[in-house]
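Engineer: I am attaching a structure below and will ask some questions about it afterwards.
The values are calculated or read from the model by the stated rules, or taken from the named source; none is laboratory data. As the structure is a computational prediction, the values presented were derived from the model and not from experiment. Note that each Cβ is placed from the backbone with ideal geometry, even for glycine, and that neighbours are counted across all protein chains shown. Areas reflect the complete protein model, heavy atoms only, side chains present, ligands, DNA and RNA absent. Shrake-Rupley method; radii C 1.70, N 1.55, O 1.52, S 1.80 Å.
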Amino acid sequence: MAKISEVFGGAAAIVKGMGITFGEMLNPTITEDYPDAPAKFQERFRGVHELQRDENGLEKCVACFLCAAACPAQCIYIEAAENTAELRISGGERYAKVYNIDYNRCIFCGYCVEACPTDAITHGHGFEIASYNTSTLIYRKEQMLVPMPEGAHFPLKVEPSAESDSH
C-alpha cells in the first residue's frame with residue numbers, strides 16, 4: 001500500500017511540473033533587441049558610477065572619504081584639495097582633486113552610494129565596461145562627472161572688478 005501511494009505521489013509531482021512547463025510555453029516570448037535597441041533597465045540597476053553636480057555646476061563631492069571607507073573592495077582612491085576664494089570646485093571647503101574607481105575590483109555593492117552624505121556618487125545605467133586591458137578599467141573623475149547642467153556658471157571665479165568694488 002505504501003508503494004502505491006509513493007507511485008501516485010511521484011506521478012502527481014511530475015504532472016504538476018509539466019503543467020507549469022506547458023503553461024509557460026503558451027505565454028508570449030519576451031526578448032530584448034540589444035544591441036540594436038537600447039537596453040531597458042530597472043530604476044535601481046547598479047551600473048557604472050556617476051559623480052553628480054548641483055544646479056550651479058559645482059561638484060557635490062566634498063572629499064569626505066566616507067565612500068572609500070565604506071567600500072569593502074577598497075577600489076576607491078581620493079585625493080582632496082582645498083577650494084579657494086578665486087576658484088570653487090565644490091560647495092564645501094574641499095573637493096576631490098583625484099577620484100578614481102578601479103572597476104577591476106568593484107563589486108557594485110552600493111555601499112559607497114549609501115555612505116555619501118551629499119549624494120555626490122550614484123550608480124548610473126552604464127554597463128558596457130568590458131575590456132581586454134585592465135588599465136582601461138580604472139575610471140577617473142573626468143570620466144564619471146555628469147555633464148554640466150543648462151545655465152550653470154562653472155567654475156565660479158571671483159571677478160577682480162567685483163572684488164575691488166566691495167572693499
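Engineer: Could you tell me which of the residues Ser164, Ser90, Ser131, Ser135 is open to solvent by less than 80 Å² (accessible area, probe 1.4 Å), in contact with a helix residue (DSSP H, G or I) (Cβ under 7 Å, 6 or more places away or on another chain) and at pLDDT below 95?
Structural biologist: Ser131 is the lone residue from the list that is open to solvent by less than 80 Å² (accessible area, probe 1.4 Å), in contact with a helix residue (DSSP H, G or I) (Cβ under 7 Å, 6 or more places away or on another chain) and at pLDDT below 95.
Engineer: Select from the stretch 39-91 the residues that are in a strand (DSSP E or B), touching a residue at least 40 places away in the same chain (Cβ under 8 Å) and farther than 20 Å from Gln143 by Cβ and list them in ascending order.
Structural biologist: Leu87, Arg88
Okay, residues lined up against (1) loosely packed, with under 14 Cβ neighbours inside 10 Å; (2) hydroxyl-bearing (Ser, Thr, Tyr); (3) farther than 30 Å from Cys112 by Cβ:
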position: Lys3; (1), (2), (3): yes, no, yes
position: Phe8; (1), (2), (3): yes, no, yes
position: Leu51; (1), (2), (3): no, no, no
position: Val62; (1), (2), (3): no, no, no
position: Gln74; (1), (2), (3): yes, no, no
